[in-house]
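The values are calculated or read from the model by the stated rules, or taken from the named source; none is laboratory data. Computed from a predicted structure; not experimentally measured. Don't worry about glycine lacking a Cβ; one is built from the backbone with ideal geometry, like all the others, and counts go over all protein chains shown.
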Amino acid sequence: MSQRQVLQVFEQYQKSRMQFVQTMAELASKPQNIETLQNAGVMSLLRPLLLDVVPTIQQNAALALGRLADHSDELAEAVVKGGLLPQLLFSMEAQNRFYKKAAAFVLRAVAKHSPGLAQAVVACGGVDALVLSLEELDPGVKEAATFALGYIARHNAQLSQAVVDAGAVPLLVLCLQEPEVAVKRIAASTLSDISKHTPELAHTVVDAGAIAHLAQMILNPDAKLKRQVLSALCQISKHSVSLAEMVVEADIFPVALACIRDPDEFVKKNVTTLMREVVKHSPELAQLIVNSGGLAAVVDYLGDCRGNVRLPGIMMLGYVAAQAENLAMAVIVTKGVSQLALCLSEEPEDHIKAATAWAIGQIGRHTPEHARAVGMADLLPRLLELYLDSNSSEDLQVKCKRALKSVLQKCTHLLALEPLLYQAPSNILKHVVCQFSKVLPHDSKARRLFVTSGGLKKVQEIQAEAGSELQEYITSINNCYPEEIVRYYSPGYSEVLLERMEKYQPS
């Protein structure tokens, strides 16, 4: 056999390997093929090809493995148990940018499924290899490595710490400064995933100078980048007053408020969430957001959207109102109460209704004036209705009950209270009757209206235990009226009159 014939055999072998891995990579991209490939033992056949002498074969083998691992946690587990990760990383340092991208994709595909699989990537040295890839000149390699680090960091604080300990954060901040928008997006997303777990991790991101670079990109025309930038600022702000102050000090308000009118739904949601995370910490931070026009912007936002995207706006109003009387009044003045009333009537999901009930309670709990605004919006009967509805979730019932009690204890607007006399169970009714017992002794006009509207009659019909708080409140109300008036509206008094009439003998 001639030398040429011998070489032809090797060439044919190489072509066959190439054709095999390219076909496997293509087939693995279609979910309907995965089970067949798995049953045919594709993992064990791809394994030696990760160390092939031909770089293109290595790249395609890694790409096929990544697509398989991405499909399910079962296949990702098979990649780990098959010992494929060390082989993948062995070639990562020496190979070209195409292989590095494919290898980073495999690590991402494995890590995304669970903390256990992400830990397997950390244990085999995957994080260190990915951090080295952040120093590559090729933006595609940086993007793929950053993506994989984000999937590792998002699971829990321990994994996020592993990413930090490998020295990723300063390099991720440098990625924010890359000209490629795709690299900026993934870097912002990964910094968000690192920051979200603990104040310490968020401080690491802040100390690397991330806030200033994130703040510069708030008004970038790319919607996906704005989403990730605002998300990262949210995750930093949420942990403490000091972190929220650092974000605010980067002069992101009122600049960020322009995002609330963005066409992208997630940009609007994320900037509203950012405001929510800032205002919850202190009255001073809440006042800053109010002064920058944030309150009015959120009220308008709630009127323009539906569903889960309303939730951060609802909670933002609640947190602002919770901080101080004047801030709660600012919510009322900007028509926040009427907007929350719409949310309560329009939203079908119990968790959104529960957040709305909580926010209403935060507004109405301060003074009679605050409670009056809630009462005049006809929210008390609605809260009671949701509290009594057996189909309401337990959380919704609890939130409605708390909101009712906190508002009722301040409410002196009797017209708003009166419908509850006829509907409320005893645990709520005592708060309603208590408010009447406080107001009626000092308001003659209210006493007259209470009789003509049927309120006094209803109070006489309430069954209260002797010596109970409810009985004391009823007695207090009755003491506001002549004895014969109280007797007249007491149950059974008409029968007594009829009986007396029958027994009466005219002279």
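Numbers for the structure displayed
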| item | result |
| --- | --- |
| Verdict on Leu107 being surrounded by 24 or more Cβ atoms within 10 Å (Cβ to Cβ) and within 33 Å of the chain's Cα centre (by Cα) | yes |
| Single condition Ala210 does not satisfy, out of (1) within 18 Å of Leu130 (Cβ to Cβ); (2) crowded, with 23+ Cβ neighbours inside 10 Å; (3) outside the structural domain of Ala129 (by TED's automatic domain parsing) | (1) |
| Exclusive hit being surrounded by fewer than 18 Cβ atoms within 10 Å (Cβ to Cβ) and aliphatic (A, V, I, L, M), set Val337, Val271, Val333 | Val333 |
| Residue check for Val279: crowded, with 24+ Cβ neighbours inside 10 Å and within 29 Å of Gly364 (Cβ to Cβ) | yes |
| Considering residues of segment 385-408 that are outside any helix (DSSP H, G or I) and touching a helix residue (DSSP H, G or I) at 6+ places or on another chain (Cβ under 6 Å) only, the residue surrounded by the most Cβ atoms within 10 Å (Cβ to Cβ) | Ser392 |
| Matching option when the condition is assigned to a loop (DSSP other than H, G, I, E, B), surrounded by fewer than 18 Cβ atoms within 10 Å (Cβ to Cβ) and on the phi < 0 side of the Ramachandran plot, among Pro170, Pro221 | Pro221 |
| Extreme residue, nearest to Ala371 (Cα to Cα), among residues of segment 401-416 that are aliphatic (A, V, I, L, M) and under 34 Å from the mean Cα position of the chain (by Cα) | Val407 |
| Members of segment 233-289 that are part of a loop (DSSP other than H, G, I, E, B) and closer than 27 Å to Ala157 by Cα | Lys238, His239, Ser240, Glu249, Ala250, Lys280, His281, Ser282 |
| Residue in segment 15-30 that is touching a His at 6+ places or on another chain (Cβ under 9 Å), surrounded by 11 or more Cβ atoms within 10 Å (Cβ to Cβ) and modelled with pLDDT of 80 or more present | yes |
| Of all residues in segment 69-104 being touching a Ser or Thr at 6+ places or on another chain (Cβ under 7 Å) and crowded, with 23+ Cβ neighbours inside 10 Å, the one that is nearest to Leu149 (Cα to Cα) | Ala104 |
| Helices (runs of 4 or more DSSP H) contained in segment 53-106 and holding at least 2 residues in contact (Cβ under 8 Å) with a residue 24 or more places away in the chain and within 20 Å of Val141 (Cβ to Cβ) | 55-71, 84-92 |
| Verdict on Gly116 being part of a helix (DSSP H, G or I), surrounded by fewer than 18 Cβ atoms within 10 Å (Cβ to Cβ) and at pLDDT 90 or above | yes |
| Residue pairs meeting the criteria (Cβ under 9 Å; at least 6 apart or on separate chains; first in contact (Cβ under 8 Å) with a residue 40 or more places away in the chain, in segment 253-266; second among the acidic types (Asp, Glu)) | Ile260/Asp300 |
| Residue in segment 173-181 that is under 24 Å from Leu201 (Cα atoms), among the charged types (D, E, K, R) and either assigned to a helix (DSSP H, G or I) or touching a strand residue (DSSP E or B) at 6+ places or on another chain (Cβ under 7 Å) (or both) present | no |
| Candidates His197, His155, filtered to the one that is under 24 Å from Thr273 (Cα atoms), assigned by TED's automatic domain parsing to the domain that holds Ala129 and either in contact with a strand residue (DSSP E or B) (Cβ under 8 Å, 6 or more places away or on another chain) or assigned to a loop (DSSP other than H, G, I, E, B) (or both) | His155 |
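To keep it simple, each residue is scored yes or no on (1) in contact (Cβ under 8 Å) with a residue 24 or more places away in the chain; (2) surrounded by 15 or more Cβ atoms within 10 Å (Cβ to Cβ).
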site: Val432; (1), (2): yes, yes
site: Arg448; (1), (2): no, no
site: Leu456; (1), (2): yes, yes
site: Glu469; (1), (2): yes, no
site: Cys480; (1), (2): yes, yes
site: Val486; (1), (2): yes, yes
site: Ser490; (1), (2): yes, yes
